[in-house]
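Notes follow once the structure below has been shown.
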Amino acid sequence: MIQEQEHIVTLVINQSIEMGEFGIQEAIQLFELYGLPYQQLFKSYFPINQFPKKYEITSQTLGNYPFVDVQLKDLDLIPKVLSRSILIHDILYTISRGNTIDELPKNLLPQAAHYFQNPNLSCKCDIITSYFKITQEKRVELIEYIFGEQGFNSQNTINLTEPDIFYYVIITKDQKYVVGCTLTNKKKKREKNFARNYELSNRIYLGPVSLAHDLAFLMANQAQVQENDFVFDPFAGTGSSLVACSHFGAICFGSEIDGNLMKGHCIGYINKKSTYLKDPNYQQVKPFINMNFHQYNLPIPNLIQSDVHLPTFNPKIDQFFDAIICDPPYGIRASIQQEGNEQDLQANRTAIYKRMFEVARKVLRKGGRLVYLYPLFKGMEKKVEKEEGFELIDFREQKMVEKRSRLLITMERL
Ligand SMILES: C[S@@+](CC[C@H](N)C(=O)[O-])C[C@H]1O[C@@H](n2cnc3c(N)ncnc32)[C@H](O)[C@@H]1O
């Protein structure tokens, strides 16, 4: 029997302070979405009989994080995952590794040698470290040594703007070297930056608590939203989460208690900094949630004004949605979040989350995902209660201002 070959690739995960360890969560969900279970993805890190739960996999358990070595049989997963990831900075095909620089040419994968020997290929080389800084001088010196005659003896021409191939030398925390290259070309890399187009700073219509675009995309990835999925946000606000889901082709539904916020009569406002307003079509634009879909040529979602505590759907609607994605209010209403005593606010939060689960139990299909944010205030324990009818998939903390943070929680309907 012919064994399918496995390739080692290195995930370079963005170590963003604001996003905590959401990148690990995203890698797990995206590879799973494309058919690779996390036990396969991380098989080199844990013995089979001691495999942790998804939420137990952290930067501590993945040695050398944010560089994560995984084995792939199908390299086509790389562009698929990169095309929708927010926090996986890159995925590098590993071509050599060594305890010292001098070991690198000896350990070069035989099938990778032809890259270096091909003078028709143009390249760009860089060094990535994460635990220490290196000066520009040292960077150049290392690159020249590693890719020069004493190293890989590369015959490639150099092209810093549109190279055919990017080589990266990773220097790990324990000062070992991994050389990887990208197999995706520059154009694909640009596509990977799709999320930038959606930055809130350029969004036409904003509210007081519009969800940041990158978090909205991460949540859509946690929910593994795909084309033609039916997605619901019961606390739609200005529609950020639905914009992200719509980008992935979902058919979106939302409810929001504050009709004024949806229609721009009160706390919602036109973002004067949005470059879209320079477009003559948008110059007379009125504040309105639909503008946020119009500006990206996305279909207008199905929205209603409704209190989540009231029945929003026909009672016969059962297990209809593939995903629910939301950022519930931290107080009773976003507009009065800062008011009221903490006990009242906590009681309101408890009621809102209880209701969110009741709704999700009814309208989410089996296997569908509920992805939501949960605030943590000083003294609150970082844990997620068991919920009847749901399996906890993952939860991670996002640090915010001092003494405050929130959890990004993913549940699956049983
Ligand atoms: C944290 S914000 C969500 C913001 C939204 N993701 C966005 O991008 O604008 C919570 C939203 O829930 C709404 N809300 C508060 N109580 C509600 C209720 N009982 N039913 C439905 N929506 C409610 C608030 O008006 C607010 O817009």
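FYI, it's all coordinate maths here, none of it is from the lab. Bear in mind that the values here come from a model prediction, so they are computed numbers and not experimental data. We place every Cβ from the backbone using ideal geometry, glycine too, and count neighbours over all the protein chains shown.
Worth a mention:
- Cα long-axis angle, helix 22-33 against the chain (0 to 90 degrees, to the nearest 10): 90
- Across A347, A244, A223, mean-square fluctuation computed from a Gaussian network of the chain (C-alpha pairs under 10 Å connected) peaks at A347.
- Maximal additional length on extending the Y282-E6 stretch stands at 94.2 nm, based on 0.36 nm per residue less the C-alpha distance.
- Considering only S85, T172, Y145, the residue lying farthest towards the positive end of the dipole of segment 7-192 is S85, judged by Cα position with unit charges set on Cβ.
- Note: relative contact order over segment 7-192, using C-alpha pairs below 8 Å and six or more positions apart, is 26 percent.
- Of the GluC sites (Glu not before Pro) found in segment 1-80, those that fall in a DSSP loop while having at most 13 other beta-carbon atoms within 10 Å are E4, E6, E18.
- Evaluated with a Cβ-only charge set (Lys, Arg +1; Asp, Glu -1), the chain carries a dipole of roughly 660 debye about its Cα centre, given to the nearest 20.
- Of R139, R84, R349, the one that fluctuates the most in a GNM where the chain has Cα springs shorter than 10 Å: R139
- The residues packed around G239, meaning those with a beta-carbon under 12 Å from its beta-carbon, carry a net charge of -2 if Lys and Arg are +1 and Asp and Glu are -1.
- Dipole magnitude of segment 69-226 about its Cα centre (Cβ charges: Lys, Arg +1; Asp, Glu -1), debye to nearest 20: 500
- Taken over segment 27-105, the alpha-carbon convex hull comes to 121 cubic angstrom per residue.
- Kirkwood analysis of the Cα pair distances in segment 7-192 returns a hydrodynamic radius of 17.2 Å.
- Counting only lysines at least 8 places from K138 when in the same chain, those with an alpha carbon closer than 19 Å to its own are K124, K173, K176.
- Fraction of alpha-carbon pairs over 24 Å apart in segment 199-413 - percent: 41
- The modelled label-to-label distance for the pair L392/Q346, using points 7 Å beyond Cα in the direction of Cβ, is 1.9 nm.
- Modelled FRET efficiency - R0 51 Å, N260 with Q40, Cβ distances, 0.05 increments: 0.55
- Cα gyration tensor, segment 186-277 - rounded (a/c under 1.5), prolate or oblate: oblate
- Rg/Rh for the chain, where both radii come from Cα atoms and Rh is the Kirkwood radius: 1.01
- The helix-based estimate of mean residue ellipticity at 222 nm for the chain, built from -39,500 (n - 2.57) per DSSP H run of four or more residues and divided by its residue count, is -6500 deg cm²/dmol to the nearest 500.
- Loop GluC sites (Glu not before Pro), segment 134-231 (other Cβ atoms within 10 Å of the site Cβ: 10 or fewer; DSSP): E149, E227
- Distance between modelled label sites at K366 and R196, nm, 7 Å Cα→Cβ extension: 4.5
- Cα-based helix-to-principal-axis angle, 342-363 vs the chain, degrees rounded to 10: 80
- Considering only N159, N302, N281, the Gaussian network model of the chain with Cα springs below 10 Å gives its largest mean-square fluctuation to N281.
- Candidates per trypsin sites (Lys or Arg not before Pro) in segment 376-409, loop by DSSP, up to 14 other Cβ within 10 Å: K378, K382, K383, K386, K403, R404
- Principal-axis analysis of the Cα atoms of the chain puts helix 136-147 at an angle of about 60° to the longest axis.
- Mean separation of Cα contacts under 8 Å (6+ apart) over length of the chain, as relative contact order %: 14
- With R₀ fixed at 22 Å, the C-beta to C-beta distance from N297 to L414 puts the FRET efficiency at about 0.05.
- Per residue, the average separation of C-alpha pairs within less than 8 Å and at least 6 apart gives segment 199-413 a relative contact order of 20 percent.
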